[in-house]
Amino acid sequence: MVSEWGDELRERLAALLGADEVGSLWLLAGGASKEAWAVDVRTADGELPLLVRRAAGGVIHTDTLSLEDELRVLEAAHEAGVRVPRPYAYLDDVGGREAFVVERVEGETIGRRIVRNPELAAAREALPRQLADELAKVHALAPEAVPFLRARDVLERFEVELDSVDEPHPAIELGLRWLRDHRPEPLDPVVSHGDFRIGNVVVSEQGLEYLLDWEFAHVGDPREDVAWPLVRAWRFGVDERRLGGVGEVEPYLERYVELTGRSIDADDLFWWEVLGNVKWATGALTQSRRHLNREERSVELAVLGRLAAEMEYELLHLLEAVS
Amino acid sequence: MRDRPSASELVEATREFLEQEVLPTLADQRLRFRALVAINALGIAQRELDSEEPEVLSTEEAAELARRIRGGDVPEDAPALLEQEVAAKLRIASPRYLDRYR
């Protein structure tokens, strides 16, 4: 537990930040593949709330970033003015596992609250344009600042992932088939966040505060990120608001196009929305395998194997509309 | 096994115990969330044990269809058949999800 490495970490933080006092660590709610610890540090400038991300079990997809690279992406984004928690340090050995330290930020991240809570109504109003503002900044990041990010063929990637599941999913195959047969001309690749959606943004009553969870960052077609928050699973039950359950696609897309000069219209996003459903259906299956393969035992991961059927149904629904 | 409780009844008893006796005692948000996921998982298991719906596709048929589609040979009735298959899976895994399409 913490006591084995907690004291060592606190000493390192004290040295690193010139802290007068480092409080005790406590475990926060966090993602499935990594632990998230909170710790408060007092420096000459005042109280500094910190978050320590530490490796847990395996990785979600085969191509997630290491914590070291994720922090480097955060640093590049922070430098370029993207709203991200301030990055502090990468630590290669915290109780035998790697970790990084960032500012611990306040606000709402739970999707179903962001799409429903009455006190976040004004935030939902503001979010479509704010999401576009942030995404335009991400897509303007210089690839040279993050040269370790990889570009991969999206269809090949999901085919390989699906094969690794070793269970027949003809509905996902149908989605992949349609995507192969209708593939659009690629746009120039950009630095992509890779998991840009409601659930990975911190929201206050004013709207978007921070963009989190950069572990899927890669280099790719900008439309992959643009369309990802449209995927039904990320509308958290408020299906009629197609942009992440918070708003309409048009003001978001208009703003993005205005800022980036890329010519993308709503119809162009359909292919990427189908891709998004293939991606999350496959992702849900591979996550459940981490439990089944005993990489990381978790009832949360386990049930995803059954919930992949939701994305399969959405895929069939989308394809029906264009057949 | 003919002795009761049946597998379904045992799952149900466990789910009710978690829901009615354990969940109300949990203050930690993370634990509450995981308990709800566990309750949902037992619901899935129970619906599957109680289901009398025949399989739309056997594992072999699903594997054969997946292979054909991957190879570019999509049977004409595949979309309709798969809609039935996935709807049947959802009646066990997430029955309320289907309401979102009505």
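In a fully extended conformation the segment linking A:Ser323 and A:Glu21 would gain 102.3 nm over its present Cα-Cα distance, using 0.36 nm per residue.
Rank these for me by crowding, A:Met311, B:Met1, going from fewest to most other beta carbons within 10 Å. Mind showing how you got there, number by number?
On the way: A:Met311 26, B:Met1 6.
Ranking A:Met311, B:Met1 by Cβ neighbours within 10 Å, fewest first, gives B:Met1, A:Met311.
The calculated FRET efficiency for the pair B:Leu98 and A:Arg86, based on their C-beta separation and a Förster distance of 45 Å, comes to about 0.55.
Note on A:Arg180/A:Arg241: beta-carbon distance plugged into 1/(1 + (r/R0)^6) with R0 of 41 Å gives a FRET efficiency of 0.85. In terms of overall dimensions, the C-alpha atoms belonging to the stretch A:111-322 reach 43, 39, 38 Å along their principal axes, ordered largest to smallest.
Kirkwood radius and radius of gyration were both taken over the C-alpha atoms of the protein assembly as shown, and their ratio Rg/Rh is 0.97. For chain B, what class follows from the C-alpha gyration tensor (a ≥ b ≥ c being the square roots of its eigenvalues): rounded when a/c is under 1.5, otherwise prolate if a/b is larger than b/c, else oblate? Verdict is prolate for chain B. Normalising by residue count, the stretch A:121-247 has a Cα convex hull of 128 Å³ per residue.
With respect to chain B, whose longest principal axis is taken over its alpha-carbon atoms, helix B:7-17 is tilted by about 50°. Per-residue extension of 0.36 nm, minus the Cα-Cα distance of A:Ile110 and A:Phe270, leaves a gain of 55.0 nm for this segment. Shown for A:Phe236, A:Phe270: other C-beta atoms within 10 Å of each C-beta, ranked fewest to most, produce the order A:Phe270, A:Phe236. For chain A, which span is the longest to avoid every loop-located (per DSSP) member of GluC sites (Glu not before Pro) having at most 10 other Cβ atoms inside 10 Å? Counting only loop sites that pass the neighbour cut-off, the longest clear stretch is A:107-239. Distance between the 7 Å Cα→Cβ label points at B:Ala80 and A:Asn293: 3.9 nm. Partners of B:Lys89 within straight-line reach, counting lysines whose Cα lies under 26 Å from its Cα and excluding those fewer than 8 residues away in the same chain: A:Lys279. How tilted is helix B:78-93 with respect to the longest principal axis of chain B? Cα atoms for both, answer in degrees (0 to 90, nearest 10). Between the helix axis and the principal axis of chain B, the angle is about 10 degrees.
Summary value for chain A: 17 percent relative contact order, contacts being C-alpha pairs under 8 angstrom separated by 6+ residues. Under the rule that an exposed site lies in a DSSP loop and has at most 14 other Cβ atoms within 10 Å, name the longest stretch of chain B with no GluC sites (Glu not before Pro) of that kind, not counting the sites themselves. It runs B:1-51.
Take every Cα pair under 8 Å whose residues are at least 6 apart in sequence, average their separation, divide by the length of chain B, and the relative contact order is 27 percent.
Shielding of peptide A:303-309 by partners, expressed as the average count of other chain Cβ atoms within 10 Å per residue Cβ, is 6. Note on A:158-168: average number of Cβ atoms from other chains within 10 Å of each residue's Cβ is 2.
Peptide B:82-92 is shielded by partner chain Cβ atoms: per residue, an average of 5 of them sit within 10 Å of its Cβ. Taking only the C-alpha atoms of the stretch A:2-103, the Rg (one decimal) and the largest Cα-Cα distance, Dmax (whole number), read 13.5, 42 Å. Measuring nothing but how far apart in sequence close Cα pairs (under 8 Å, 6+ apart) lie, relative to its length, the stretch A:183-224 scores a relative contact order of 53 percent.
Report, to the nearest 10°, how far helix A:2-17 tilts away from the longest principal axis of the Cα atoms in chain A, using its own Cα long axis and a range of 0 to 90°. The helix A:2-17 is inclined about 80 degrees to chain A.
Here, each number is a calculation from the coordinates, and none is a lab measurement. Predicted model, so just to flag it, every value in this text is computed and none were measured. As a convention, Cβ positions derive from the backbone with ideal geometry for all residues, glycine included, and neighbour counts pool all protein chains shown.
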